Amino acid sequence: MAQGRFLNFVSKEFKHILRDTRTLLIVLVMPVIQLLIFGFVISSEIKNADYAVLDYSHDYLSKQLVQRISSSGYFNLKGYLNSFKEIEKAFKNGDAKLVLVIGSHFDRKLQNNRYAEYQIITDASDPNTANILASYAQSIINSFTAEHHAAGQPRARVNIQSRMLYNEEMKSAFMFVPGTMVLILMLVTAMMTSISITREKELGTMEVLLISPLKPWQIVLGKVIPYIGIAFTNVTVIILMGITIFHLPIRGNLLLLVGVSSLFILLALSLGILISTLSSSQAVAMFMSMFALMLPTILLSGFIFPIENMPQLLQWLSLIMPPRWFLSALKTIMIKGQGLQYVLKEVLVMLLMTTIFIILSIKKFKVRLE
Amino acid sequence: MKRVIEVENLVKQFGNFTAVNNLTFSVAKGEIFGLLGANGAGKTTTIRMLCGLLLPTSGKITVAGYDAFTQPEQIRASIGYMSQKFSLYSDLTVWENIRFFGGIYGLWGRELKLRTSELVDEFKMNEFRDVMVESLPLGWRQRVSLAVSMVHKPPIIFLDEPTSGVDPIARRMFWETIHHISLQGTTVMVTTHYMDEAEYCHTLLIMVDGMIQALGKPDELKSKHAVESMNELFLSLARNSNANMM
C-alpha cells in the first residue's frame, strides 16, 4: 500500500512534466541545442585567419616563409603591404588579423647564421584570437628558421617539440562536452527540482500534501524521481552526441563515468531541494538558481575560464562550487582515461557537499513544519 | 453526544505575538462548527494546529480521539482538510485530482476508481470530470477541493474559508453540500468571515484577537446579545472589544 501511494505520487509528477510542453522542451531539447551551439560556435581552433605581410627583404627565403605560413591551413594571405603605415590601416579595415613584418636581408642573415629579424603584429581587440594566432605563426616560423638556419652545416641546438597530450589536435569538444554536461545537469536537476517543489508551496498543494499520510521525505523523493530520469537521459544524449558528432573519445571506464555522474546528479538534487526550502515562490527559486548555480557553473567551474588564471580569491571561491569538482572528475575520466584513484578527491568532496546539503535541507524542512 | 474535537487552554505564540490565546471548546459528532472572526483573529492558526500543521505553544488538543502532540499521524489519517489557498493541481483534470489525492491516502486499484466515481456523482461533477481544473470557474474548483478533502472518508473535515471569493449562488450550493455531509455523520469545522454563512452552522465560535468572544448556537447568541442578525452580533462584539482595548 505504501508503494502504491508513492507510485501514485511519482506518476502525478510525470503528468505535470509531460503536460507542460515548455518544461519538456527545456529539459529535453535544450541540452541538444546547447551542445550544438557550443560545438559549432565556440571553437578555440582558428582556421583561415587573414594575414598580411610587410616584406623588407623580398628574397627567396622570405617568400618561402610566406608560402609556408599560407599553406599551413591556419592563415590566408590577404596581400603584401608597402609601408609600416599600412599596417594599422589593414587592421582597422579588418583586412588582416595578423601582420608579419620580415626584416631586410632575411635570406643572407639566415644563411650566415646571424639573427634574421621578423616581427608579428596582431589585432588584439580580441585577445584570445590574437594570442592563438601569434603562437601559431611563431611556431611555423620557428620550425622554418630551424630548417634553413645555416643550411648544410648542422649544429647542436635545442629543438623544442611541444605535444598537446590527451588532446593532440586541440579539439574544443574536449572542453565543451563535459562543460555542457555540467551545465545541463545543474539546470535540469537543481533548478527544475527547486522550481517544482516551490510550485507546490506557491499553489498551496504542499499544505494538503503535508497533512496527508505521506511523509515529508516521500513527498520530496516523489518530486525528485522524474528529474533523476531526465538527468540520466541528458547524460546519455550528451555523451552519445559527443562521440558521434564531435568525435570525443571516452577513454575511461564507462561505469565509473556513470557513477560519478550519478553522484553529481544527487549533489545537484540536494542543492535544488535546499534552494526550494529557502525560497517561498517559484520566482525566488528561479532567481536563486540562476545566480547561485548557473553563473558560477559557467564562470567559476573551469568550464570556459581556466581556474589557474583567476585571482586567488576567486580560486578559493571556486573550491566551494560543486560543478568544479564534477568537471575535473569528468575530464580525468573521459579524456585522460584514469581510474577511481585519480578522481578520489573529487568524489569525496562531492559526497561531503551532498551530505551537507541534505542535512541543511532536512533541518530547514522541519523548521517549516513547526 | 460524542465529542470528536476537544480543545483545552490552547495557546499559540509567534515570538511576542499571541495569535491564539487560551481557547477551550469542543465539537460534537456530525456538527457544523463555525469558526468566525475578522482577518487575523486567529482562525487559520487554530485550524492549522488542529490539523497538526502547526505545533501549539501550550494547551491540549484531541481530534478523533488522538492527541495532537503525540499522535499527529493518526490525526492526519482521520481528517480531511481544505486549505484557504486554492490547492488542486490545475494541470490535472477533476478526475485525476481526486484520484491523485485518493492515492496518497492509500486507496488504489478498484477501490480508488469506485471512490472517485462515487465522489464525482455525489458532487454532481460528471460533466466536468475530464476538464482540466484550471478551466473551471472558482465555485466549481472549490467543490472539487471539497470532494478531494473527503476522498478517504474522514470522520472530520476542516474547511478553511472555503467560500472566499465565490459568488453567492455557488456559495449557497456549497453550503447545501456541507449540510448534506453533516447529515451523513461527518463533522465539519469551517472558518468564514461571511456573517450570513454563520446562520448555517450548528455552533459558532467567534474569535477576536485570538480569544473567544462568543460561543454557542446562532439563535442563543442572537437572543443573548439582543440582536436581529449575525452581522449585528458581530459588529456589537467587535465594538465591545475595541472599547475594552481603549
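Regarding residue B:175, is this residue more than 19 Å from the chain's Cα centre (by Cα), more than 10 Å from chain A (Cβ to nearest Cβ), farther than 19 Å from residue A:215 by Cα and modelled with pLDDT of 90 or more? Working first, answer last.
Values: more than 19 Å from the chain's Cα centre (by Cα): no; more than 10 Å from chain A (Cβ to nearest Cβ): yes; farther than 19 Å from residue A:215 by Cα: yes; modelled with pLDDT of 90 or more: yes.
No.
Meeting the requirement of 3 or more residues that are away from chain A (no Cβ under 11 Å), the helices (runs of 4 or more DSSP H) wholly within the range B:51-147 are B:94-104, B:109-122.
Residue-wise test of (1) away from chain B (no Cβ under 14 Å); (2) free of Cβ contacts under 8 Å to residues at least 24 places away in the same chain; (3) part of a helix (DSSP H, G or I); (4) under 31 Å from the mean Cα position of the chain (by Cα).
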site: A:27; (1), (2), (3), (4): yes, no, yes, yes
site: A:64; (1), (2), (3), (4): yes, no, yes, no
site: A:73; (1), (2), (3), (4): yes, no, no, yes
site: A:108; (1), (2), (3), (4): yes, no, yes, no
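Considered as a group, the residues in the range A:192-208 that are in a helix (DSSP H, G or I) and either within 7 Å of chain B (Cβ to nearest Cβ) or modelled with pLDDT under 85 (or both) include one that is farthest from residue A:288 (Cα to Cα), and that residue is A:208.
Being part of a helix (DSSP H, G or I), more than 14 Å from chain B (Cβ to nearest Cβ), closer than 30 Å to residue B:81 by Cβ and touching a residue at least 40 places away in the same chain (Cβ under 8 Å) is the requirement here; does residue A:285 meet it? The answer is yes for residue A:285. Among the helices (runs of 4 or more DSSP H) confined to the range B:165-246, the ones with at least 1 residues that are in contact with a Pro (Cβ under 9 Å, 6 or more places away or on another chain) are located at B:168-183, B:195-198, B:230-245.
Residues are listed down the side, and each one gets a yes or a no for (1) more than 17 Å from the chain's Cα centre (by Cα); (2) more than 14 Å from chain B (Cβ to nearest Cβ):
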| position | (1), (2) |
| --- | --- |
| A:213 | yes, no |
| A:218 | yes, no |
| A:221 | yes, no |
| A:236 | yes, yes |
| A:241 | no, yes |
| A:244 | yes, yes |
| A:250 | no, yes |
| A:253 | yes, yes |
| A:259 | yes, yes |
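Pairing residues of the range A:183-207 that are in the same structural domain as residue A:17 (by TED's automatic domain parsing) with residues that are of a type in the set (Asp, Glu), at Cβ distances under 8 Å and at least 6 apart in sequence or on separate chains, gives A:196/A:13; A:206/A:200.
Only one residue in A:273, A:239 is part of a helix (DSSP H, G or I), in contact (Cβ under 8 Å) with a residue 24 or more places away in the chain and closer than 27 Å to residue A:355 by Cα. Which one?
Details: A:239 fails: closer than 27 Å to residue A:355 by Cα.
None of the others qualify; the one that does is A:273.
Could you say whether any residue in the range A:333-342 is aliphatic (A, V, I, L, M), in contact with a helix residue (DSSP H, G or I) (Cβ under 7 Å, 6 or more places away or on another chain) and surrounded by fewer than 19 Cβ atoms within 10 Å (Cβ to Cβ)? Yes, the range A:333-342 contains at least one residue that is aliphatic (A, V, I, L, M), in contact with a helix residue (DSSP H, G or I) (Cβ under 7 Å, 6 or more places away or on another chain) and surrounded by fewer than 19 Cβ atoms within 10 Å (Cβ to Cβ).
The values are calculated or read from the model by the stated rules, or taken from the named source; none is laboratory data. On a predicted model such as this, the values are computed, not experimentally measured, just so you know. Counting neighbours? That spans all protein chains shown, and the Cβs are built from the backbone with ideal geometry, glycine included.
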